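Just so it is clear, none of the values below were taken in a lab; they were calculated from the coordinates. Note that the coordinates shown come from a computational prediction; the quantities given were computed from them, not determined experimentally. Please note: Cβ atoms are built from the backbone with ideal geometry, for glycine as well, and neighbour counts cover all protein chains shown.
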Protein chains: 2
Amino acid sequence: MALVNEHFLKLPNNYLFSDIAKKVNAFRVSHPKKDIIRLGIGDVTQPLPQASIEAMHKAVDELANKNTFRGYGPEQGYDFLIDAILKNDYASRGVHLEPSEIFVSDGAKSDTGNIGDILRHDNSIGVTDPIYPVYIDSNVMCGRAGVLEDGKWSNVIYLPCLSENNFIPSIPNRRIDILYLCYPNNPTGTVISKAELKKWVNYALENDTLILYDAAYEAYIQDPEIPHSIYEIKGAKKVAIEFRSFSKTAGFTGVRCGYTIVPKELTAATLTGERIPLNRLWNRRQCTKFNGTSYITQRGAEAIYSPEGKEQTKATINYYMTNAKIMKEGLESTGLKVFGGENAPYLWVKTPRGISSWKFFEQMLYEAHVVGTPGVGFGPSGEGYIRLTAFGERNDCEEAMKRIRKWIL
Amino acid sequence: MALVNEHFLKLPNNYLFSDIAKKVNAFRVSHPKKDIIRLGIGDVTQPLPQASIEAMHKAVDELANKNTFRGYGPEQGYDFLIDAILKNDYASRGVHLEPSEIFVSDGAKSDTGNIGDILRHDNSIGVTDPIYPVYIDSNVMCGRAGVLEDGKWSNVIYLPCLSENNFIPSIPNRRIDILYLCYPNNPTGTVISKAELKKWVNYALENDTLILYDAAYEAYIQDPEIPHSIYEIKGAKKVAIEFRSFSKTAGFTGVRCGYTIVPKELTAATLTGERIPLNRLWNRRQCTKFNGTSYITQRGAEAIYSPEGKEQTKATINYYMTNAKIMKEGLESTGLKVFGGENAPYLWVKTPRGISSWKFFEQMLYEAHVVGTPGVGFGPSGEGYIRLTAFGERNDCEEAMKRIRKWIL
């Protein structure tokens, strides 16, 4: 008798974004003529960099010709892309990695979701709270998160990030086996300084903790003092896996490309205390359950490292960060307290007078016709906040701010 | 202390294809002037259909323009592709599926590897032997395969497919929870008749067995009596998940696209006997750990269902199947016994005089300078066979046959 993985059944049936969609639809049915502005989901709106477009056309043409055709590529990604990553994203910041420490994939969601394959099912998990839901849900699915009790998972340690602690999680006084950190942070849009990140690396070194560091939004960092990679911190190669994505860096949400760094020095233990290099295990996982990323996509990703590509991606990031500035100023002018948006494309807005996230979401939808994401959807510490993204069209961002001003003031 | 998933450590360190590569390299070093023909790895050589090329150029251009740009697509795939699949691959054969029963992915390797996520770790596994190694390795990684003893995994039931039983696996007299079937078969190139497949569906219905049916090579079927989909058998929707791939159908090995069918009627049990629809679990798995397949790729896949696309893919498949015919005749003319190659792009060659797979592999490399894949690499019942693929260039296939004739006769 085939048996299901019952851990899946522990997942609540409601999905944040489908709940939002239902509420938005209900509004549309009752207000068919109202024009809604969506600043909820973190999807980009601007076209791909021209350099990527040209590179992908060229790649498509190569596949049309027997002499330049490419079939299966390396599961770990093509050297041309790995070399560009090493040189531009790491060596330029003084971080030296070997090509075999980089694994190109179809995106950070796949990698952050699949990384648990190489880890024991009973490791304890730590997360900053609020958090990108994939980290927790993927652990629930394999039983690692435990059971849900009063909105929290029993084997997950939540590190609250609130305005009260300036969104800096406190080092816990207990050991965590696996810790997820995401900086610049989704959903709060806040960043971590080198000094604070150093504390976490030291904690991990002392406690034999594995840090899963999601740096999908690093391209949005404006402040030169903020680290882009955890490997800028000494010792981090011994304790951290880093995830990167081209989705927000270069508009690849629909093209699908990211990469994961698993340093050779990084090990985890067996029950008998033997140290096992995680690079070898992740390589085996990828070779067995993945067959590489589209050649066309990889050529498109390589092109963002060309001089033209860099200029074009920078221009798009500037566009979104100008949106963020306009939104931040607009929201603050209404008296709202706004976090993030300076080194990240997300604005984390405190609801006024302790209104709940969902209540504020509904009010903003019905009064201003603007859709955000209720902060509580990202975890218990998100209650009383709402997330807005800066990935919209400029006109929409400006119009949304006008509407919110008119509604609130 | 972060702990590794120790099941990974049970996997043998030697990989079939890297062992082959090492032996080929050793030959090259000692025979630098010899021209080697590679008929080992199942990768295609012919360019993509022109219809796909044109569709992908168009898709790339859409992503270059703000008004036609697409970001995140549905995790399950775009409707345009799902509709084309439903209509052309299923309705045309009298199989009626709903769009939500189809999950487009980046390839059958990912799906056959990841499907285990939704199933309990202690289900028993059945495989036809020899077999595509991903089925077993992905089960080893989560502990489901048990331990390796004398070349077999303790929780895996092997169903030998040999010339002696005409490569038709016998229905076992014990219950299997999860059964992998692959038809047309990789590596043997053999197919299954409707009557034989019906026996398996009935076995599954009687024993509450989940069949994981890999039909990645269905486009190569020439005989109109051979089923392309397991759902051509009555009752199969209650017991089977089907995997399909565009890799061999349309040369997508480097572009990455496949799909998986999880019928709504298909359920598996909890420990208490509750029936859970697997469609819901797979949907949740994909929404959590996957972010959809490249838009460009999906447009390329859609195009193979256009009249031009169908003609072009058919022409390429005919090219490979003509290779297969030439190879089969060439090999048989030397007195070798050859299976497969009539409804599949693989030839499964019995080594003469009981020579081992690796011995024959080495002899063929050193005497004829032709690379195949030792059958034993696909499982114990592959010993005494070698696999050749028909995916090469015509000239290479012809030349390889000349060399093999010269060597053997």
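Here are a few things to note about the model shown:
- Listed residue (B:21, B:323, B:112) projecting farthest to the positive dipole end of chain B, Cβ model: B:21
- Between identical copies, the spacing of residue B:170 label points, each set 7 Å from Cα toward the C-beta atom, reads 6.8 nm from nearest to farthest.
- When DSSP beta bridges are restricted to pairs lying wholly in the range B:53-307, around 45% turn out antiparallel.
- MRE, 222 nm, helices only [DSSP H, n ≥ 4, -39500 (n - 2.57), over chain B, to nearest 500]: -10500 deg cm²/dmol
- Amide H within-cut-off set for residue B:268, under 5 Å, with H built and near neighbours excluded: B:276, B:278
- Here the spin labels are modelled as points 7 Å beyond Cα on the Cα-Cβ line, and at residue B:406 and residue A:367 they lie 8.7 nm apart.
- Here the range A:90-189 is treated with +1 on each Lys and Arg Cβ and -1 on each Asp and Glu Cβ, and its dipole about the Cα centre works out to around 200 debye.
- Efficiency of FRET from Cβ geometry, residue A:225 and residue A:398, R₀ 30 Å, rounded to 0.05: 0.50
- Cβ charges +1 (Lys, Arg) and -1 (Asp, Glu), total dipole of the protein assembly as shown, debye: 60 debye
- Sites residue B:196 and residue A:319 - FRET efficiency at Förster radius 51 Å, r taken between beta-carbons, to 0.05: 0.25
- Net charge dipole size for chain B [Lys, Arg +1 and Asp, Glu -1 on Cβ; Debye, nearest 20]: 580 debye
- The value for the range A:26-180 of Rg(Cα) / (2.2 N^0.38 Å) is 1.46.
- Given B:152/B:198; A:194/A:337; A:328/A:402, the pairs whose alpha carbons are separated by over 21 Å: B:152/B:198; A:194/A:337
- Label point distance in nm, residue B:332-residue B:271, each placed 7 Å from Cα along Cα→Cβ: 5.5 nm
- Within the range A:26-97, the trypsin sites (Lys or Arg not before Pro) that combine a DSSP coil assignment with at most 12 other C-beta atoms in a 10 angstrom radius are A:33, A:34, A:66.
- Filtered GluC sites (Glu not before Pro), the range A:260-332: DSSP coil and at most 15 other beta carbons within 10 Å: A:265, A:274
- Within the range B:120-177, trypsin sites (Lys or Arg not before Pro) in DSSP loop having at most 12 other beta-carbon neighbours inside 10 Å: B:174
- Range of Cα positions in the range B:248-296 per principal axis (Å), largest first: 44, 23, 15
- The range A:8-28 and the range B:284-334: distance between their alpha carbon centers, rounded to Å: 37 Å
- Anisotropy class of the range B:274-409 from Cα gyration tensor, a/c 1.5 cut: oblate
- For the range B:53-307, the residue among B:294, B:179, B:276 whose Cα projects farthest onto the positive side of the dipole built from Cβ charges is B:276.
- Phi-derived couplings, Karplus 6.51 cos²θ - 1.76 cosθ + 1.60 at θ = phi - 60°, listed residue by residue for the range B:74-87: x, 4, 7, x, 6, 4, 4, 7, 4, 4, 5, 5, 4, 6 Hz, with x used for Gly and Pro.
- Å³ per residue enclosed by the Cα convex hull of the protein assembly as shown: 163 Å³
- Cβ-based charge dipole, the range A:53-305, positive-most Cα from A:125, A:157, A:97: A:97
- For residue B:129, distant residues with modelled amide H under 5 Å away: B:159, B:161
- Of B:248/B:325; B:248/B:406; B:87/B:248, those spanning more than 29 Å from alpha-carbon to alpha-carbon: B:248/B:406
- Each residue of the range B:167-180 is assigned a 3J(HN,Hα), and the resulting list reads 6, 9, x, 7, 5, x, 8, 10, 7, 10, 6, 10, 10, 8 Hz, derived from the Karplus form 6.51 cos²θ - 1.76 cosθ + 1.60 (θ = phi - 60°), x at Gly and Pro.
- DSSP-defined antiparallel bridges as percent of all bridges, the protein assembly as shown, nearest 5: 55 percent
- Förster-model FRET efficiency, 41 Å R0, residue B:29 and residue A:93, C-beta, rounded to 0.05: 0.55
- Phi-based couplings in Hz for the range A:240-245 (Karplus 6.51, -1.76, 1.60; Gly and Pro marked x): 10, 9, 10, 10, 10, 9
- Gyration tensor (alpha-carbon) shape descriptor, chain B, a/c threshold 1.5: oblate
- When the square roots of the Cα gyration tensor eigenvalues are ordered a ≥ b ≥ c, the ratio a/c for the range B:331-387 is under 1.5, which makes its shape rounded.
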